[in-house]
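These notes concern the structure reproduced below.
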Amino acid sequence: MTENTLKDKDGFETMYLNMGPQHPSTHGVLRLGLVLDGEVIIKAEPDIGYLHRGMEKLAESRTYQANIAMSDRFDYVTSMNNNFVTALAVEKLLGVEIPKRAQYLRILMAELNRVVNHILFFGFFAMDLGATTALIFGFREREEALELFESVCGARLTYNYFRVGGVSRDLPAGFIEKAGNFVKMMRSRLKDYDDLVTGNVIFQDRSVGIGRISKEDVLAYSLSGPVMRASGIKYDIRKDDTYSVYREFDFEVPVRENGDCFDRYMMRMLELREALKIIEQVLIKLEPGEILAKVPKIIKPPAGEAYVRTESPKGELALYLVSDGTANPYRLHLRAPSFINLQILQKILTGVKVADVIAILGSIDITLGEVDR
Amino acid sequence: MGILLDEAPYILENFPGGGIVITSADWFINWSRANSLWPLTFGLACCAFEMISANMSKYDLDRFGVFPRPTPRQADLIFVAGTLTKKMAPRLKKLYDQMGEPKYVISMGSCSNTGGPFYDSYAVVKGVDKVIPVDVYVAGCPPRPENLIEGIKKLQEKIKKDTIKNNGRAKIFK
């Protein structure tokens, strides 16, 4: 806990501002203790744990399949990507071969979820800077994407779509056409987004040059995902340490140089376009076939450990899984990108104005479910 | 306002025709309360996204007079949307205490109803009703926005059955 008796450089007393855990712009229940000198922040201290649900401990008392269902709730915006990493880790322990169609369906869902995450980021980031309309726009498109998810797995938010060895069910009739229409619609809406927000002078004033993260800091704090790429490091696990069948798809890894809030925002907008590109390719490549490999009903992987890393919309999402040969994992550990990206906050918040705290926090894009677990 | 509203029903009851005044006042007050429910923007976990969806473009809670307020002092309703942990529970109590009467609580989702999928966790409060009183429980993990709207309508029905005789200090005097 910060002492609120810190003195500023002239010897005057500072003000201690408590931001959160109930605050519309902390994206959940994050608490920030800010020590202020006038409007400038001398010290910022994030306090996490308000959503600590003990998921890693609970995982030890659940079967592997039940853990995929629970992984939906790690980062509830990108449930499909969490399913993905959990399924991959169990499969690495088991050593099963996944059918081709299942692989494609997994990538289709993971990329659709990336689109949903980035749409949400667009809405919330713009709203943090005072533009409510953007959020309403974003949610309009999100509902269309959620309809696609719903037609496949019956849920809007917690999908539980992945199975060890494949996926739970095949696409319903007419899905490919609907998804194609969604991609087309999204492309045209992205133009609206750019007109409404990206080119907006007020938006640029609030975000250009704010909260710069240098290349060295990115490496020192092991930041990942769009936050890392916005600072000029071209590294994407889908390309550089590829998993599943990502190597079959043609997509770019966008990079920006400045590492400020605006670049982090632009990264998401560029990645959104790349994700749409991948979705389009999957829809063309899909061929009929099996969607679930033959795996025993009760999954008991041989004793051992597996570490799998994937590129979630928030950054590098990795899972460390230890098996002792029983039906439940011995240990499950999540390398949560939100949690690790949040660590830089204390450093970049020092010396900025209060109003920029919201912009910087929003641009890092965290989900508290994943931070606290 | 307080004394007037608190004791008026009991003074009025003794006059001829007083009952009609009370029921008319009831109707008007309940109608206005039920149709301007201002919730606190209080999202805890996954359910918060369904709560926001319900507020946004497609479901548009505005048409029920539900308009989110960022401070508990302006709110009459609190959606407990998500898992309540033991660290968060005292904060929720504090927020609830800061809200002015009359105040209502909708518990949204399995986690806040009973603990849900995290029932056996060491860190989770098993039901938000252990901390604050709940008016309406909405089931689901997470509940769909339609489900939440149904919960709000149930709460409106509940409010419309209320009478000023149950207000504040009147209860004590009776």
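The values are calculated or read from the model by the stated rules, or taken from the named source; none is laboratory data. As the structure is a prediction and not an experimental result, all values here were calculated from the model. Don't worry about glycine lacking a Cβ; one is built from the backbone with ideal geometry, like all the others, and counts go over all protein chains shown. Remember, those area values only see protein heavy atoms, side chains included, never the ligands or the DNA or RNA. Shrake-Rupley method; radii C 1.70, N 1.55, O 1.52, S 1.80 Å.
The requirement of being within 14 Å of chain A (Cβ to nearest Cβ) and of a type in the set (Asp, Glu) is not satisfied by residue B:129. Restricting attention to the stretch B:22-39, does a residue exist that is surrounded by 19 or more Cβ atoms within 10 Å (Cβ to Cβ), under 16 Å from the mean Cα position of the chain (by Cα) and within 14 Å of another protein chain (Cβ to nearest Cβ)? Scanning the stretch B:22-39, I find at least one residue that is surrounded by 19 or more Cβ atoms within 10 Å (Cβ to Cβ), under 16 Å from the mean Cα position of the chain (by Cα) and within 14 Å of another protein chain (Cβ to nearest Cβ), so the answer is yes.
For first residues located in the stretch A:316-334 and more than 18 Å from residue A:84 (Cα to Cα), partners that are in a strand (DSSP E or B) and of a type in the set (D, E, K, R) and lie 6+ apart or on another chain with Cβ distances below 8 Å form the pairs A:323/A:305.
For (1) at pLDDT 85 or above; (2) within 14 Å of another protein chain (Cβ to nearest Cβ); (3) exposed (fewer than 15 other Cβ atoms within 10 Å of the Cβ), each residue gets a yes or a no:
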{"residue": "A:3", "(1), (2), (3)": "no, no, yes"}
{"residue": "A:10", "(1), (2), (3)": "no, no, yes"}
{"residue": "A:22", "(1), (2), (3)": "no, yes, no"}
{"residue": "A:26", "(1), (2), (3)": "no, yes, no"}
{"residue": "A:36", "(1), (2), (3)": "yes, no, no"}
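Just one of the numbered conditions (1) over 30 Å from residue A:361 (Cα atoms); (2) open to solvent by less than 30 Å² (accessible area, probe 1.4 Å) is not true of residue A:312: (1).
Note on the stretch A:322-347: residues that are part of a helix (DSSP H, G or I) and either open to solvent by less than 10 Å² (accessible area, probe 1.4 Å) or touching a helix residue (DSSP H, G or I) at 6+ places or on another chain (Cβ under 6 Å) (or both) total 6. Would you confirm whether or not the stretch A:131-143 contains a residue that is without any contact (Cβ under 8 Å) to a residue 24 or more places away in the chain, surrounded by 20 or more Cβ atoms within 10 Å (Cβ to Cβ) and among the aliphatic types (A, V, I, L, M)? Yes, the conditions are met somewhere in the stretch A:131-143. Listed by first and then second residue, the pairs linking a residue in the stretch A:68-85 that is under 22 Å from residue A:138 (Cα atoms) and aromatic (Phe, Trp, Tyr) to a residue that is in a helix (DSSP H, G or I) and modelled with pLDDT of 90 or more, with Cβ atoms under 9 Å apart and 6 or more places separating them unless they lie on different chains, are A:76/A:82.
Only one of the numbered conditions (1) touching a residue at least 24 places away in the same chain (Cβ under 8 Å); (2) open to solvent by 10 Å² or more (accessible area, probe 1.4 Å); (3) not in a helix (DSSP H, G or I) is violated by residue A:306, and that is (2).
Among the residues examined, residue B:54 does not qualify as assigned to a loop (DSSP other than H, G, I, E, B) and either open to solvent by less than 70 Å² (accessible area, probe 1.4 Å) or of a type outside the set (Val, Ile, Thr) (or both). Only one entry of B:104, B:137 meets the criterion of being among the hydroxyl-bearing types (Ser, Thr, Tyr), away from chain A (no Cβ under 14 Å), within 16 Å of residue B:81 (Cβ to Cβ) and out of contact with any Asp or Glu (no Cβ under 7 Å at 6 or more places or on another chain), and that entry is B:137.
Going through (1) open to solvent by 10 Å² or more (accessible area, probe 1.4 Å); (2) modelled with pLDDT of 90 or more; (3) more than 23 Å from residue B:146 (Cβ to Cβ) one by one, residue A:151 falls short only on (3).
For the stretch B:43-93, the candidate set comprises residues that are free of Cβ contacts under 8 Å to residues at least 24 places away in the same chain and farther than 30 Å from residue A:147 by Cβ; within that set, the residue that is farthest from the other protein chains (Cβ to nearest Cβ) is B:90.
Here the stretch A:50-73 is the region considered, the condition is being more than 10 Å from chain B (Cβ to nearest Cβ) and part of a loop (DSSP other than H, G, I, E, B), and the residue that is surrounded by the fewest Cβ atoms within 10 Å (Cβ to Cβ) is A:60.
Against the numbered list (1) open to solvent by 30 Å² or more (accessible area, probe 1.4 Å); (2) away from chain B (no Cβ under 14 Å), residue A:106 comes up short only at (1).
Restricting the stretch B:141-158 to residues that are part of a loop (DSSP other than H, G, I, E, B) and buried (at least 21 other Cβ atoms within 10 Å of the Cβ), the residue that is modelled with the highest pLDDT is B:143. Applying the selection to the stretch A:159-179, what residues are within 13 Å of chain B (Cβ to nearest Cβ) and buried (at least 20 other Cβ atoms within 10 Å of the Cβ)? Answer for the stretch A:159-179, where residues must be within 13 Å of chain B (Cβ to nearest Cβ) and buried (at least 20 other Cβ atoms within 10 Å of the Cβ): just A:159. Working only within the stretch B:107-119, note down all residues that are assigned to a helix (DSSP H, G or I) and at the interface with another protein chain (Cβ under 10 Å from one of its Cβ atoms). Residues satisfying the conditions are B:111, B:116, B:117, B:118.
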